[in-house]
Each structure stands twice: as C-alpha cells, then as structure tokens.
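Colleague: Could you have a look at this structure, given as structure tokens, before my questions?
Derivation of every value follows stated rules applied to the coordinates shown; laboratory data play no part. In this text, all values refer to a predicted model and were calculated from it rather than measured experimentally. Ideal geometry is used to build each Cβ from the backbone, glycine not excepted, and the neighbour counts take in all protein chains shown.
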Amino acid sequence: MSQSLQGKVALVAGASRGAGRGVAVELGAAGATVYVTGRTTRERRSEYDRPETIEDTADLVTEAGGHGIAVPTDHLDPAQVRTLVDRIADEQGRLDVLVNDIWGGEKLFEWDSTVWEHDLDNGLRLLRLAVETHAITSHHALPLLLRSPGGLVVEMTDGTAEYNRENYRVNFFYDLAKTSVLRMAYALGHELGPRGATAVALTPGWLRSEMMLDNYGVREENWRDALEVSPHFAISETPHYVGRAVTALATDPDVSRWNGQSLSSGSLAQEYAFTDLDGTRPDAWRYLVEVQDPGKPADVTGYR
C-alpha cells in the first residue's frame, strides 16, 4: 500500500497517542496528508497529564512518508471543530477520510461500579467525551468529506457489535459509550451510503498503547514481560495494527461493501492480508470468546 493514498486528506480526531496515533502514522505511511488533533500539545497538557503530543504524532506521520499537520482542538467545542474543518477546506479543498477516535475516558470510569455508585460527574463527562465529541465532529466535517466521492468515516470504539451485544462492558457509562459509537457508525452508514460515502465502526484488540504499557511497567521492546502478570496479554497488538486496518479500508475501491458494519483489526487482517509490526495477525475478539472468557489457559496458538 506504499503511497497509495498520495493526494488524499485525512483527519484523525484524537491522535495524541494510542490507536489514533497508530492510525495517523499508517495513513501517513501510505502517503496521505493527515491532520491530527487533540488537547495535548508541547505547550499544554490535557487532564490526562501524559507526555505524548499531537505535534509528536504529526512528526511521526511525516517521517513515515506523509504530511502530518497538528491542530490543537477540543472536540467538545463546536466553534473549534468548525474552525478546524474550515482550515482543512481552505488548505486542501477536500477531506477523504475522517477517523473519530476521540475518547478521553481512562481516568473517569470506575471498574465494576454500578450507575448509582459511580461518580456522576465523571460518568457524564465520559459520555460527553466519548459520544458528543464524535457527533460534533461529524456534523462539521461530513459536508467537506461529501464534496468528493468515496469518502470514508471510521468510528473507533472498543468491542465489536456482536461482542458488546452479548457482554456487559466494565460499567454502565463505559458500556453505553462504546455501544453508542457502534450505533453511530450504523446510523452514519444510512446517511452517507446513498451519498457515495462509507461509514464503519472499528475496534482494535487488546491494544499496547502507551498507557497500557505503562500500566504493566514495560516498554514495547519488552512487552512480553507483562505476561507474568497477565498471560492473556499475549494476544495484544500495537496501535499500528488498527492503523493498517484503516489504511486497508481507505485504499479499497470496494470499501462500500462494509458500510454501516462493525469491524475489528483482527478480522480485517484476514481479509486484507496485512500484519502487525511483528508479522503476526492477532485476532483478539475471537480469542476472547473462545479462550479468555471461558477461563481457558492463555494460548494464542491459531489466534495470531
């Protein structure tokens, strides 16, 4: 897929770190111009208080072969999002790929807490960050995306529609947020399909994000050391894996066949024959259903 997106323009909303960064870099590796947004810059950190910045992501996009452009944006502020889209329209005249990866909820949700026990302000802010931001961004960005035929919208979430339908996810607020994004992709598919564009929901598997690696006290270079604490972490994947999934979709001339559907990095790797950085194809959601959830010993044979 080398330089297959040359001349194309993407917006990755929520690209400071994690999946958003991986997606932005892989789109850049395919030659795209990628606008990366978020609230953490080299001058100011969000409440996450993390060192990763959107400028760093933009630099990585450019180093990969694309053109990375960092634009500080709070996607809860419609005026800021409108200004962002106006800038893309003025500078590029088009938008071919929109990736809604805004989240911001790691420090807000409480594991296994009921709705009446959970801090209400944190729960409501989680919903605003995870759901309202996506709606605001789509409202302002989709008219530009629809100027050119074949546009793609990717709603990033956690869990496939099938898995989330059958499994309670963490707590009331988390479950609602991730399921809402799945439904957003379905609804956008109905609105965009007749107008020549495609919308999908996409989930990575167990993501080796910067925060996840820090939680286990490891780096990407020695991530397998975490298996002593969490053996099922063997199925995990880098953010580049889901980035390659987005790139595969963006370069598929028949991408409309996926319109409105829920997809995963692992399932798309089988379809498009891409791999993670280590050359494997982890299929985390199948592994969860067949190995981890039934309580079987960790064994990724046949799953990556």
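Colleague: Can you work out the base-10 log of I(q)/I(0) for the stretch 7-68 at q = 0.29 1/Å, using the Debye formula on its C-alpha atoms alone?
Modeller: Values returned for q = 0.29 Å⁻¹ are -1.12.
Colleague: How large is the dipole of the stretch 160-295 about the Cα centre if only Lys and Arg carry +1 and Asp and Glu carry -1, each at its Cβ, rounded to the nearest 20 debye?
Modeller: Dipole magnitude for the stretch 160-295 comes out near 460 debye.
Colleague: Still on this structure, please answer the following. Where in the stretch 192-282 are there trypsin sites (Lys or Arg not before Pro) that are in a DSSP coil and have at most 14 other Cβ atoms within 10 angstrom of their Cβ?
Modeller: ARG219
Colleague: Rounded, prolate or oblate: which fits the stretch 157-276, taking a ≥ b ≥ c as square roots of the Cα gyration tensor eigenvalues, rounded meaning a/c under 1.5, else prolate when a/b beats b/c?
Modeller: In terms of gyration-tensor shape, oblate.
Colleague: Expressed as a fraction of 2.2 N^0.38 Å, the rule-of-thumb size for a compact globular protein of N residues, what is the C-alpha radius of gyration of the stretch 205-262?
Modeller: 1.46
Colleague: With r defined as the distance between the Cβ atoms of ASP299 and GLU106 and R0 fixed at 22 Å, what FRET efficiency is calculated, to the nearest 0.05?
Modeller: 0.15
Colleague: Now for a different question. Treat every Asp and Glu Cβ in the stretch 101-201 as -1 and every Lys and Arg Cβ as +1, leave all other atoms uncharged, and give the resulting dipole magnitude about the Cα centre to the nearest 20 debye.
Modeller: Dipole size: approximately 540 debye.
Colleague: For the stretch 109-178, take the convex hull of the Cα atoms, compute a quarter of its surface area, and give me that in nm², please.
Modeller: 5.5
Colleague: If the chain between ARG82 and GLU228 were fully stretched, how many nm would it gain, using 0.36 nm times the residue separation less the Cα-Cα distance?
Modeller: 47.8 nm
Colleague: Now, a different point. Limiting things to C-alpha atoms, what are the Rg and the maximum Cα-Cα separation (Dmax) for the stretch 63-154, in angstroms?
Modeller: Expressed in Å, the Cα Rg and Dmax of the stretch 63-154 come to 16.2, 49.
Colleague: Does the chain come out rounded, prolate or oblate by the C-alpha gyration tensor, with a ≥ b ≥ c the root eigenvalues, rounded set by a/c under 1.5 and, if not, prolate when a/b is larger than b/c and oblate if not?
Modeller: The shape class here is rounded.
Colleague: When we measure straight from the Cα of LYS8, which lysines land under 30 angstrom away, once same-chain ones fewer than 8 places off are left out?
Modeller: Within reach: LYS178.
Colleague: Here is a follow-up. What range in the chain is the longest one free of chymotrypsin sites (Phe, Trp or Tyr not before Pro) that are in a loop by DSSP and have at most 11 other Cβ atoms within 10 angstrom?
Modeller: No qualifying site falls inside 169-304, the longest such stretch.
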